[in-house]
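The values are calculated or read from the model by the stated rules, or taken from the named source; none is laboratory data. The shown structure was predicted, so the numbers you read here are calculated from the model rather than taken from an experiment. Positions of Cβ are backbone-derived with ideal geometry, glycine not excepted, and every protein chain shown enters the neighbour counts.
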Amino acid sequence: MRNLTATFCLTIAVLLGSSGMSFALPPCPSDRHGPTDPRLFCFGTFTHTNGDKYVGEFLNNKRHGQGAYTHANGNKYVGEFWNNKRHGQGTYTDARSRKKHVGEWKNNNMHGQGAVITAGGQILKEGIWTHGKLQYAVIHL
């Protein structure tokens, strides 16, 4: 539990600490579907036609770096992206159940140390995840 709490606090500190750095990036061009420059690292906002919205860092017109992706249904991921996928440290919040999936991500799945937490802060599942499935659970006594 102490390790998860430390990881969670570190994740929040990294996200908050790096958000100021994001604004130092140049703004992205307004036309996100135009010619791409693989060297272009920028900060911007993109709203999809289905209502999903991403605010954060882009590299070569892909979500890459720190950002927040909000789905039209209210579900939200805040954390690291790599090549358009949830990848690194982040938190996914389900709008309906208000459960949070906090921890490490790889290719859009929980992968590594993480936890599922209720809106009230109760830990439902905690442990090591592989490709979105809990492999090794931490047992709280």
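Miscellaneous remarks
- Matching residues, segment 122-135, being farther than 21 Å from Lys85 by Cβ, without any contact (Cβ under 8 Å) to a residue 24 or more places away in the chain and of a type in the set (D, E, K, R): Lys125
- Pairs, first closer than 14 Å to Glu80 by Cβ in segment 110-121, second outside any strand (DSSP E or B) and not aliphatic (A, V, I, L, M), C-beta under 6 Å, six or more apart: Met110/Gly132
- The single residue among Gly74, Gly79, Gly112, Gly88 that is surrounded by fewer than 20 Cβ atoms within 10 Å (Cβ to Cβ), under 13 Å from the mean Cα position of the chain (by Cα) and at pLDDT 95 or above turns out to be Gly88.
- Screening Pro29 with (1) part of a loop (DSSP other than H, G, I, E, B); (2) at pLDDT 90 or above gives one miss only, at (2).
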